[in-house]
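Following: one structure in structure tokens, then a few remarks.
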Amino acid sequence: MASTIFRTFKVHLFPLYPPSLLKITNGVLFFTTTQQSQTQQHHQNPQKQTKKVSASASATSTQSKKLDKIPKDYEPIIGIETHVQLSTLTKAFCSCPYNYGSHPNTTICPICMGLPGALPVLNSKVIDFAVKLGLALNCRLAFNSKFDRKQYFYPDLPKGYQISQFDVPIASGGYLDVDIPVEFGGGHKRFGITRVHMEEDAGKLMHTEIGNYSQVDLNRAGVPLLEIVSEPDMRNGIEAAEYAAELQRLVRYLGVSNGNMQEGSLRCDVNVSVRPIGQSKFGTKVEVKNLNSFASMGRAIDFEISRQVQLYSQGQDDQIVQETRLWDEGTQRTITMRKKEGLADYRYFPEPDLPAVIISQEYVDNIQNSLPELPEIKRRRYEKMGLSMQDVLFLTNDKNVAEFFDATVAKGADAKLVANWIMSDIAAFMKNEKLSINEIKLAPEELSQLIASIKGGIISGKIGKEILFELLSKGGTVKGLIEEKDLVQIVDPLEIQKFVDKVIAENPKQLEQYRGGKTKLQGYFAGQVMKLSKGKANPGLLNKILLEKLNSKS
């Protein structure tokens, strides 16, 4: 039934489709769409098309102004379905690897392609990762679960069904704790998790801008996924975006996925409805897709809430229909993709080619004991160190940054000072050089030594920064750089006094102005002394001696 794209097999057409809808070029199957007339019209009348876009953008601008005036007597209800692509070496039911960006149809086999007689064999790592995530999400685990066939037809689904889980998911009834950033109001939120289930991914349609066909790439077919379905507990775009960001953080900490949204490793579909305050019944649910970043997610949700509230407030709530809408980043609005006439009938039934998934308590306990310190637990620990919530959220956002911080503190450095160095100079260097914290040359023990050297008065803070950037880019040791460049701070009062006397003697005009009332010139004198001492004069001693000399009448 299915067409094949694998080069070593003969290519057959789908007998269910008329030949006019299918096209084969160089052994590759193209699925023909009905967009030809629209595409031709676009190319024939580009000016007309441009005018339409401009008009829609203008309408969006006008609408956004109206939305600001909408009354706040409606409650948004938001839930998220998240697909997480697992970082296994091979696919879910065969030995094919998956590498993002591979040439189309080069990592496929008869199982990926749904050829008759090809039987799936479950990758045990998928179960390991599912149990890990289920435990991390505080879920109840199903010790006896199964796979099911979810049947629907689409060109990128060669079997005509997807292997998934229906009535007995691997995990259910959990929750995820989230800390809302201070700039968004702060606070702690707990969002319910309905279920976590295992399934396989479909292939990918590559739509062409010119022409009336789409190309099918089956490299992604059979890649293992975990779908996480949240409870409808979120009430605005910020909460939804922070929930999704925390989920990304969690899968990265666990090592089950890289969570990269731009690669499709983490994909979120958002369900949004609104209801008048006090009403217990949910409103009509609208699904929003094409959310490629957390910022886009927040904007799309807030727009969709405003759109629905506006229809309610105008007495047009019957125009809110169950549908799938796409977020258009260009116009900053959601647009209709397809209407939903009713619930899809996927005709689920147990997958006959795979046995039940049975796990033991011992197996679960072993995975539980192997879990790393999770973001929520780490945040609470950092708070107990006396760090602000801003510090805590920055440090725990990236597992590698948190590990670097912990390793530095373990060497005896003050937690707040370490956080300050990481969040300021080190973060700025990594951003400018486009490096991760694992790629810089600075070791945690050297950052600890640097902080100790400044605190102990061996070097000044200014010299410390110079040493830091040397360590970040070239590596080495704090002690070695101090000795090599003769950077030990000058703490001898007599030596500093000589520098002060020399600077004052060379700047009689400025001295006269200072004693005439322009006391801000103290900074000028201090800068000149620092320049003369090559930044090595102890700032405290320098300012004390300088003030004595400047205010002396002799």
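The values are calculated or read from the model by the stated rules, or taken from the named source; none is laboratory data. Note that this is a predicted model, so its numbers are computed, not measured. Cβ placement follows ideal geometry from the backbone for every residue including glycine, while neighbour counts extend to all protein chains displayed. Accessible surface areas use protein heavy atoms only, side chains included; no ligands, DNA or RNA. Shrake-Rupley method; radii C 1.70, N 1.55, O 1.52, S 1.80 Å.
Results, tabulated for the structure shown:
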read-out	value
Residue within the stretch 85-93 that is modelled with pLDDT of 95 or more, outside any loop (DSSP other than H, G, I, E, B), under 29 Å from the mean Cα position of the chain (by Cα) and more than 30 Å from residue 272 (Cβ to Cβ) present	yes
Residue 154, sole failed condition from (1) more than 23 Å from the chain's Cα centre (by Cα); (2) surrounded by fewer than 17 Cβ atoms within 10 Å (Cβ to Cβ); (3) in a strand (DSSP E or B)	(3)
Check on residue 463, modelled with pLDDT under 90, of a type in the set (Val, Ile, Thr), part of a helix (DSSP H, G or I) and open to solvent by less than 20 Å² (accessible area, probe 1.4 Å)	yes
All positions within the stretch 435-460 that are buried (at least 17 other Cβ atoms within 10 Å of the Cβ) and either more than 28 Å from residue 542 (Cα to Cα) or not assigned by TED's automatic domain parsing to the domain that holds residue 421 (or both)	437, 440, 442, 443, 444
Filter pass, residue 121 being β-branched (Val, Ile, Thr), at pLDDT 95 or above, in the same structural domain as residue 205 (by TED's automatic domain parsing) and surrounded by 19 or more Cβ atoms within 10 Å (Cβ to Cβ)	no
Search result, residues across the stretch 200-223 that are within 24 Å of residue 293 (Cβ to Cβ), touching a Leu at 6+ places or on another chain (Cβ under 7 Å) and not small (Gly, Ala, Ser)	201
The listed residue being basic (Lys, Arg) and under 19 Å from residue 301 (Cα atoms), out of 189, 159, 146	189
Neighbours by Cβ (under 8 Å, 6+ apart or cross-chain): first from the stretch 502-528, touching a residue at least 40 places away in the same chain (Cβ under 8 Å); second of a type in the set (A, V, I, L, M, F, W, C) and open to solvent by less than 80 Å² (accessible area, probe 1.4 Å)	504/511; 504/525; 504/550
Residue satisfying all of: in the stretch 496-552; among the β-branched types (Val, Ile, Thr) and in contact with a Leu (Cβ under 7 Å, 6 or more places away or on another chain); surrounded by the fewest Cβ atoms within 10 Å (Cβ to Cβ) among these	504
Meets criteria (in the same structural domain as residue 178 (by TED's automatic domain parsing) and surrounded by 22 or more Cβ atoms within 10 Å (Cβ to Cβ)) for residue 257	yes
Residue match in the stretch 402-414 (condition: under 20 Å from the mean Cα position of the chain (by Cα), in contact (Cβ under 8 Å) with a residue 24 or more places away in the chain and within 26 Å of residue 187 (Cβ to Cβ))	yes
3 or more residues surrounded by fewer than 12 Cβ atoms within 10 Å (Cβ to Cβ): qualifying helices (runs of 4 or more DSSP H) within the stretch 337-423	361-370
Of residues in the stretch 467-492 being closer than 23 Å to residue 407 by Cα and out of contact with any helix residue (DSSP H, G or I) (no Cβ under 9 Å at 6 or more places or on another chain), the one most open to solvent (accessible area, probe 1.4 Å)	474
Checklist (1) free of Cβ contacts under 8 Å to residues at least 24 places away in the same chain; (2) farther than 20 Å from residue 204 by Cβ applied to residue 97, failing item	(2)
Selection status of residue 251, assigned to a helix (DSSP H, G or I), of a type in the set (Val, Ile, Thr) and at pLDDT below 95	no
Odd one out for residue 245, checked against (1) open to solvent by less than 10 Å² (accessible area, probe 1.4 Å); (2) touching a helix residue (DSSP H, G or I) at 6+ places or on another chain (Cβ under 6 Å); (3) modelled with pLDDT of 95 or more	(1)
